[in-house]
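Structure first, commentary second.
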Amino acid sequence: MSSAENPTRTERPDVRAEVSNLPNTWLFHVFSCDDPTAPLRPACRLDDCDAVTLGRGEPGVTTRRDAGRRVLELTFSDAWMSTQHARIEGGLGGFWLRDERSKNGLRVNGERTENALLVDGDWIEAGHTVLRFRHGALPPSTRPRSHPLDPVALDTMLSALDARSHDLEDIARSTVSVILRGETGTGKEVVARAVHKLSGRAGELIAINCGALPAAILEAELFGYRKGAFSSASEDRPGLVRAADRGTLFLDEIGELPASSQVALLRVLQESEVRPLGATRPVKVDLRVICATHRDLLALVALGQFRADLYARLAGHLFEIPPLRERREDLGLLTATLLRRIAGGGALRFEPDAVRALCRHDWPLNVRELEKCLASAVVLARGGPVGLDHVSAALVAPVAPPLDAAAAAKQRRAERRTELVTALQTHRGNVSAVARALGKARSQVQRWLREHGLDPSQYRGP
């Protein structure tokens, strides 16, 4: 994780010496505590102005000239903001945030401040409005957020993900196979269902988790069987491949597919036909295949754990769904969409400390965890404001205090070393086995071992 994703504690300005005057500097409106489902302000580009003011008023953006300087005025309908609350302007070292003698104060990464040099990834609280400062970042999306391919997993303010989502719309209308790659909870099946819906195919979307079924029955579930094919086969079963005829077959966790099933699936894709167990003749099928995985399939191909010819058949279009921790600018947008589903449009309000917890949480289970967290918090709030206790009770892990960038990097390095040592001990120094266990390429594991000064031979034993 980059320093941009680890909010740092606000200290004396001379300590926060990271340069923040790179090009592509943006201020994102991420959250409105008092109205979390209200539309969010588009991101504003700080490179194009000399100063930005934050204050209470009718929501809007105004540009004015002040002694030859271009000043961007951002106003929010936030009762906790002062009319002139804060100011951001370029200076020595980058962009500086200054409290304009506001009544309720100013916070950076949860701590009160009057004057701070902003660092990439900083969270700014002005009243009950939460913004995020990013520099050196790609431009935000400028397209309307409502489009045909619109699952909650792809709600975004970021241009890179938005552009790839629009590419996926075109792919969805074709017959090209799709591989969805992303961590647990990023919404791979939700995206698959959106692609199927947009494809216009007459059949159903049939989903199967390749890692959830024992290898012994996986082929029977996929390809079906004839009565008497084995001792418990008391009737004919068509199988999931035939059930997806004229529709879409969604194979979740395709990286877990056993070798024997890979061979059988390859034949289905090559010949557009399936032979049920115990049958003598194949049956023609018309399929569109979408696969999902959290693993690197090319690395598995290199390790000999996934067939290269099957990968070639499946890899028509690769779509990566980034983890939530890498797109925190989308947190408010995703929260608003989920709350409309959960609360049905009812009035909601969040306490600022609850929003701080949401912003600094790592979200190991991604959008799925966010949805469960919000659903639980709304119930626990019992019609009142959602507070820290309501949010913390629903998170996968306790909310940790924010780390500065150096401490976060040190912690990640220590965690990686512990993970490597444990894997080396478990697999007795076998680097290939370690790579398989970690789901990484052998070359990557070897680089990590060199970085951490670990010698596999020391773990091989007598």
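Key figures for this structure:
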| item | result |
| --- | --- |
| Unit Cα scatterers, Debye sum, the range 326-392: log10 I(q)/I(0) for q = 0.15 Å⁻¹ | -0.41 |
| Distant-in-sequence amide H partners of GLY121 (H built 1.01 Å from N, under 5 Å) | PHE133, ARG134, HIS135 |
| Approximate spin-label separation GLN444-ALA393, in nm, with each point projected 7 Å along Cα-to-Cβ | 3.9 |
| Cα shape, the range 162-258, gyration tensor, a/c 1.5 rule | oblate |
| Residues ASP66 and ASN115, FRET efficiency given R0 of 25 Å [Cβ-Cβ distance, rounded to 0.05] | 0.80 |
| Share antiparallel - DSSP beta bridges, the range 47-193, percent rounded to 5 | 85 |
| R0 of 51 Å, Cβ-Cβ distance ARG313-LEU454: FRET efficiency to nearest 0.05 | 0.85 |
| Low-density loop cleavage sites - trypsin sites (Lys or Arg not before Pro) in the range 205-312, where at most 13 other Cβ are within 10 Å (DSSP) | LYS227, ARG246 |
| Of the trypsin sites (Lys or Arg not before Pro) in the range 81-118, those whose Cβ has at most 13 other Cβ within 10 Å and which sit in DSSP loop | ARG101, LYS103 |
| Unit charges on C-beta of K, R, D, E only; dipole of the chain, Debye | 880 |
| Hydrodynamic radius by Kirkwood, which averages 1/r over all alpha carbon pairs of the chain, in angstrom | 25.0 |
| Average Cα contact separation per residue, the chain, under 8 Å, 6 or more apart, as relative contact order % | 15 |
| Inter-label distance, nm, simple model (7 Å from Cα along the C-beta direction), SER432/GLN305 | 1.3 |
| Residue-averaged [θ]222 nm for the chain, counting only DSSP H segments that reach four residues, each worth -39500 (n - 2.57) | -9500 deg cm²/dmol |
| FRET efficiency estimate (nearest 0.05) - Cβ-Cβ, ASP170 to GLU58, R0 35 angstrom | 0.35 |
| Restraint check, LYS227/LYS372; LYS188/LYS440; LYS197/LYS372, Cα-Cα greater than 32 Å | LYS227/LYS372 |
| Rh by Kirkwood over Cα pairs, then Stokes-Einstein D for the range 152-320 at 1.002 mPa s and 20 °C, µm²/s | 129 |
| Beta bridge orientation in the chain: antiparallel %, DSSP, nearest 5 | 60 |
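No lab work stands behind these numbers, since they all come straight from the coordinates. Computed from a predicted model, the values in this text were never measured in an experiment. All Cβ positions, glycine included, derive from the backbone under ideal geometry; neighbour counts span all protein chains shown.
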